[in-house]
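Below is one structure; the comments refer to it alone.
The values are calculated or read from the model by the stated rules, or taken from the named source; none is laboratory data. Please read all numbers here as calculations on a predicted model, not as lab measurements. All Cβ positions, even for glycine, are placed from backbone atoms using ideal geometry, and neighbour counts span all protein chains on display. What goes into the accessible areas is simple: the full protein's heavy atoms, side chains included, and nothing from ligands, DNA or RNA. Shrake-Rupley method; radii C 1.70, N 1.55, O 1.52, S 1.80 Å.
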Amino acid sequence: MKCDQCDRPAIVHQVIISNGTHRETHLCELHAAEAGVPNPSKQPVHQLLAKVAQKPKPTGLATCPGCGATLAKIRKTSLFGCPQCYDIFEEAAGIMIESAQAGATRHVGRVPGGAESDEARRHESRRLVEELDRAVHAEQYERAAELKSRLSQLDNQHPHADREES
Amino acid sequence: MTDQERTPDTDAPDNDVVLTSRARIARNVAGIPFVHRADEVQRKQAIERVLPSLNPSTCSEETEWFDLESITALQRRVLFEKNLISRQHADLRGPRGVAVARDGNLSMMVNEEDHVRMHAIAPGLQPGKCFERVRQLDKSAEQKIEWAFHQRWGYQTACPTNSGTGVRFSAMLHLPALRLTRELEKVRQAAKDLHLAVRGYYGEGSESSGHFYQVSNQVTLGCSEQELLDRFMKTIVPGIVNYERSARQALLRRDQIAIEDRVQRDLAILRSARVIKVDEAMRRLSTIRLGVCLDLVQDVPLDRLNRLFQQIQSGQLQQTAARSLTPPESQAARATLLREQLAGQ
């Protein structure tokens, strides 16, 4: 594209929207300098990078609506502000929890109002089977017998036993 | 609640090494910010939501409520020394309190780091007994309170180290022989590898005193409560207990007369001292406890010794004296108590 004022190639392109009207300007380096329009290619790299760094990262809400905590504050104190923080800062919260919990990725165990949920029970069953395999390979037969007995206890639990104690 | 009510069971399992076991459950009330982000009104709301759950008609325990804002600093200190509240709970400001069961072996702290921390203690290695008690309290509480719960992360807590089950087991271990044989660092390293926390006698942030170390599970997520208990009860603690017992026997085999000399000297000092600071008293009581467990001392019951570790703390001395004591007065009162309790029979 040519410069609006001469035949040199345009290197600065401006779009100005004012009072509902749309106006485009295309200028060469010389005419851009005369018009006082900054040439982006002449800007130092560190200034451009600084602008990129200042742009907020698209990580969702900056503060938790439940308690006003920011992610920076949560990271600094290693404390969530309220139950909502777990979802508002979902990704960061997951990383924090997993690193604090030796890599564990989900709750297994009691849920409110009952013993262990079906899902938790299935998870526990899978885990016990894996551990049983390891115990057998390691010839830890006493441990294997204990795990087997726990597995059969788990399998024998009636689904309605959810409301009772495990 | 009296100290007599808390007398440790002489037949408690593994009580030569394990002073006490504990289990605690952390919970938060749904819809209220965690304590450190909650304002005064919200903290009061948390208390108001929790208190009805302690009604004797529905609660598994009969408890007494202590409003930590309105009791004296000395009363808070005594509660801390009796392991019924944490140091943090004693020192915090704002609406907070603790419900204590009649026998003094169970408490529910309200507005500590989490809205609710239920905690039971028993002599020797009995984490299962403790857990059963706090679980019953949790069950009766949840009839009245909706706890903050996340489908994936379980019970929600302020600190990610407690998420999931919110359950932590701990044992207060007496490890004088491992300390004397300089093997303790190996225990610390092994504990770290097993994701265990090792703390001192006074809990979080404290150093060891009287060669007591509090060992607890750091992981609370990804295992059921039963699995956490099994690992703690059957694998983790027995390993350390057996290691300490072996170290005690090795000490005896190597130089029994030196151990006897040390034990008898410490006993003689505590039977005759007129003033004594708490650290020195803890250290000498620890050596005597080792002597009692190795049958080198016959005339001091283990239960009495175990109680003394608590009774010699400054807050409890002042409570007994029914007035505040200056440091020299405390040291004199401590020495008198020790002379009386350890007098030869």
Failed condition for B:GLY154, given (1) open to solvent by 10 Å² or more (accessible area, probe 1.4 Å); (2) modelled with pLDDT of 95 or more: (1)
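Which of the residues that make up the stretch B:31-63 are touching a strand residue (DSSP E or B) at 6+ places or on another chain (Cβ under 6 Å) and within 13 Å of chain A (Cβ to nearest Cβ)? Let's see the steps before the verdict.
Taking the stretch B:31-63 as the starting set, the residues that turn out to be touching a strand residue (DSSP E or B) at 6+ places or on another chain (Cβ under 6 Å) are B:46-47, B:49-50, B:54, B:61, B:63.
The one that is touching a strand residue (DSSP E or B) at 6+ places or on another chain (Cβ under 6 Å) and within 13 Å of chain A (Cβ to nearest Cβ): B:ALA46.
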Lone qualifier among B:SER224, B:SER163 - being over 21 Å from the mean Cα position of the chain (by Cα), under 23 Å from B:LYS129 (Cβ atoms) and at pLDDT 90 or above: B:SER224
Scope the stretch B:55-105; condition touching a His at 6+ places or on another chain (Cβ under 8 Å), touching a residue at least 40 places away in the same chain (Cβ under 8 Å) and either farther than 23 Å from B:THR20 by Cα or surrounded by fewer than 19 Cβ atoms within 10 Å (Cβ to Cβ) (or both); matching residues: B:ARG96
Listing of helices (runs of 4 or more DSSP H) fully contained in the stretch A:23-136 that carry 1 or more residues being under 19 Å from B:THR157 (Cα atoms) and either at the interface with chain B (Cβ under 10 Å from one of its Cβ atoms) or modelled with pLDDT of 80 or more (or both): A:71-77, A:85-88, A:90-100
Residue, nearest to B:ARG117 (Cα to Cα), within the stretch B:140-172, restricted to residues that are part of a strand (DSSP E or B) and at the interface with chain A (Cβ under 7 Å from one of its Cβ atoms): B:TRP147
Of all residues in the stretch B:38-54 being open to solvent by less than 60 Å² (accessible area, probe 1.4 Å) and modelled with pLDDT under 95, the one that is nearest to A:GLY81 (Cα to Cα): B:SER53
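For every residue, the table says whether it meets (1) away from chain A (no Cβ under 14 Å); (2) at pLDDT below 95; (3) within 19 Å of B:ARG43 (Cβ to Cβ).
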residue	(1), (2), (3)
B:TRP65	yes, no, yes
B:SER70	yes, no, yes
B:ARG76	yes, no, yes
B:LEU79	yes, no, yes
B:ARG96	yes, no, yes
B:ASP103	yes, yes, no
B:LEU106	yes, no, no
B:ILE121	yes, no, no
B:ARG133	no, no, no
